[in-house]
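The values are calculated or read from the model by the stated rules, or taken from the named source; none is laboratory data. For clarity, every value in this text was computed on a predicted model and none was experimentally measured. We place every Cβ from the backbone using ideal geometry, glycine too, and count neighbours over all the protein chains shown.
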Amino acid sequence: MAIRERLSGNEAVATAMKQINPDVVAAFPITPSTEVPQYFSQFVADGEVDTEFVAVESEHSAMSACVGASAAGVRAMTATSANGLALMWEILYIAASCRLPIVMPVINRALSGPINIHNDHSDSMGARDSGWIQLYSEDNQEAYDNIIQAVRIAEHKDVLLPVMVCMDGFIVSHSVENIELLETEKIREFVGKYHPDEYLLNPKHSIAVGPLDLPPFYFEHKRQQAEAMREAKKVILDIAREYEKLTGRKYSFFEEYRLDDAEIGIVVLNSTAGTAKEVVDRLREQGVKAGLLKLRVFRPFPAEEIAKALSGLKAVAVMDKADSFSAAGGPVFTEVRSAMYGVNNGPNIISYIYGLGGRDVRTDDIEAVYNNLSRIAETGKAGEVFNYLGVRE
């Protein structure tokens, strides 16, 4: 029977970690993720978990400690934000290339500089090609559910890749919402025990982790990583179906909100989806066929599935809370437009960069995007493809 609670996003994530009871958590504080290890360290101090909590001197050290722990054969987790994720950069690639199933909540925050502690997605989007699976969370409930599923995804024998679970800093991390928790015993049964086939402390079979990998072998190991990411698509869906049976909450690569008969739609990540749903409902009352695709899984990128979901629309806006500085739109936009390449009579697709550094995005801002899409759908002309929403030009 579900447990009704009221928790902030950070509390929800820390609670999921407590119920999972990882073997090692190594962490260094950075706003707005600080509360995650803070809450968890209290669980350790109170004897609610038997986790080895390692207080390190930097985020680089936190990820290094997780790599060492995971390579040794135990379940390891950490949490970070923004510049902390950037300081982990070198070790992110090592964790992924060594096929270590570390799970890390990333509480999204703008990267410096200038110094800014508020929410956007520049941190995790910068790490999008580091080899980590990336799950995004609209609210506290989804963040909680994603953490639990992430453990199973990461540790699956056909995957063995680390997973980031992303949620918006302050907007979700510090906002208290109603949430349904699972009983701890059900979660521990769901995630199971971690039994790796290969690990450093196995006295019966010696291995090397992270050795020198010269041209005769490096390429093949990268190809194996790529194949594991492809395999992750099937695993993510299989585990989501199993989780739905346990909780009644359905997850997939993305959520299609009123998209079945839509003529115009936006693609968006994380908490902005909640604002956009309000606008969609309002426009529907006015007879506008508006819809929304809320992307949950960004790595692996579900290109074929997105193309199918958007193929019937006339105009689509992809909204990025990060700028790739490519002069060709935001990171999610470029991926979605690539996915739509070759779709017969596909929609006009435009890019919006929005909300950088925590800039407020209100319902009237989202409605302005839909109004622009309505003009595009009516005229068949996209006009300006690359747009900035709410910036003073």
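Here is a list of conditions, (1) touching a helix residue (DSSP H, G or I) at 6+ places or on another chain (Cβ under 6 Å); (2) over 21 Å from Trp132 (Cα atoms), and Thr15 meets all of them except one; can you say which number that is?
With (1) touching a helix residue (DSSP H, G or I) at 6+ places or on another chain (Cβ under 6 Å); (2) over 21 Å from Trp132 (Cα atoms) applied to Thr15, the lone miss is (1).
Name the residue, out of Ala79, Ala72, Ala12, that is more than 27 Å from Arg249 (Cα to Cα) and in the same structural domain as Ser130 (by TED's automatic domain parsing).
Result of the check over Ala79, Ala72, Ala12: Ala72.
Within the range 1-31, which residues are buried (at least 24 other Cβ atoms within 10 Å of the Cβ) and assigned to a loop (DSSP other than H, G, I, E, B)?
Residues satisfying the conditions are Pro22, Phe28.
Quick grid of which residues meet (1) on the phi > 0 side of the Ramachandran plot; (2) in the same structural domain as Leu135 (by TED's automatic domain parsing); (3) among the charged types (D, E, K, R); (4) more than 20 Å from the chain's Cα centre (by Cα):
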position: Met17; (1), (2), (3), (4): no, yes, no, no
position: Ile30; (1), (2), (3), (4): no, yes, no, no
position: Phe40; (1), (2), (3), (4): no, yes, no, yes
position: Ala45; (1), (2), (3), (4): no, yes, no, yes
position: Asp50; (1), (2), (3), (4): no, yes, yes, yes
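Considering only residues that are assigned to a helix (DSSP H, G or I), of a type in the set (Val, Ile, Thr) and over 15 Å from the mean Cα position of the chain (by Cα), which ones fall in the range 255-301?
Thr275, Val279, Val280
Look at Thr272 and say whether it is among the hydroxyl-bearing types (Ser, Thr, Tyr), surrounded by fewer than 18 Cβ atoms within 10 Å (Cβ to Cβ) and in contact (Cβ under 8 Å) with a residue 60 or more places away in the chain.
For Thr272, the condition - among the hydroxyl-bearing types (Ser, Thr, Tyr), surrounded by fewer than 18 Cβ atoms within 10 Å (Cβ to Cβ) and in contact (Cβ under 8 Å) with a residue 60 or more places away in the chain - is not met.
With the requirement that a residue be of a type in the set (Asp, Glu) and touching a His at 6+ places or on another chain (Cβ under 8 Å), what does the range 169-199 give you?
Hit for the range 169-199 is Glu198, nothing else.
Just to be sure I understand, how many residues within the range 302-321 are assigned to a helix (DSSP H, G or I) and among the polar types (S, T, N, Q)?
Of the residues in the range 302-321, 0 are assigned to a helix (DSSP H, G or I) and among the polar types (S, T, N, Q).
In the range 322-341, what residues are in a loop (DSSP other than H, G, I, E, B) and among the polar types (S, T, N, Q)?
Ser324, Ser326
Kindly provide the set of residues from the range 342-379 that are modelled with pLDDT of 95 or more and assigned to a loop (DSSP other than H, G, I, E, B), ordered by number.
Scanning the range 342-379 gives Pro347, Gly355, Arg359, Asp360, Val361, Arg362.
Can you pull out the residues in the range 303-338 that are in contact (Cβ under 8 Å) with a residue 24 or more places away in the chain and over 23 Å from Asp120 (Cβ atoms)?
Ala303, Glu304, Glu305, Ala307, Ala309, Leu310, Ser311, Gly312, Leu313, Lys314, Ala315
Which one of Gly131, Gly126 is at positive phi and in contact with a helix residue (DSSP H, G or I) (Cβ under 9 Å, 6 or more places away or on another chain)?
Matching residue, one of Gly131, Gly126: Gly131.
For the range 192-206, does any single residue satisfy the condition of being touching a Phe, Trp or Tyr at 6+ places or on another chain (Cβ under 9 Å), under 28 Å from Phe301 (Cβ atoms) and surrounded by 13 or more Cβ atoms within 10 Å (Cβ to Cβ)?
There is no residue in the range 192-206 that is touching a Phe, Trp or Tyr at 6+ places or on another chain (Cβ under 9 Å), under 28 Å from Phe301 (Cβ atoms) and surrounded by 13 or more Cβ atoms within 10 Å (Cβ to Cβ).
Considering only the range 181-201, I want to know if a residue exists there that is outside any loop (DSSP other than H, G, I, E, B), farther than 21 Å from His156 by Cα and in contact with an Asp or Glu (Cβ under 9 Å, 6 or more places away or on another chain).
yes
Between Asp145, Asp123, Asp139, which is over 30 Å from Thr184 (Cβ atoms) and touching a residue at least 40 places away in the same chain (Cβ under 8 Å)?
Selected residue: Asp123, the only one of Asp145, Asp123, Asp139 that is over 30 Å from Thr184 (Cβ atoms) and touching a residue at least 40 places away in the same chain (Cβ under 8 Å).
Can you name every one of the helices (runs of 4 or more DSSP H) wholly within the range 41-127 that holds 3 or more residues which are buried (at least 21 other Cβ atoms within 10 Å of the Cβ) and not aliphatic (A, V, I, L, M)?
In the range 41-127, 59-72, 122-126 are the helices (runs of 4 or more DSSP H) which contain 3 or more residues that are buried (at least 21 other Cβ atoms within 10 Å of the Cβ) and not aliphatic (A, V, I, L, M).
Can you run down the residue pairs with Cβ atoms below 8 Å, 6 or more apart or on separate chains, where the first is in the range 159-170 and closer than 13 Å to Ser124 by Cβ and the partner is surrounded by 24 or more Cβ atoms within 10 Å (Cβ to Cβ) and of a type in the set (D, E, K, R)?
Correct list of pairs: Met167/Glu142; Gly169/Arg109.
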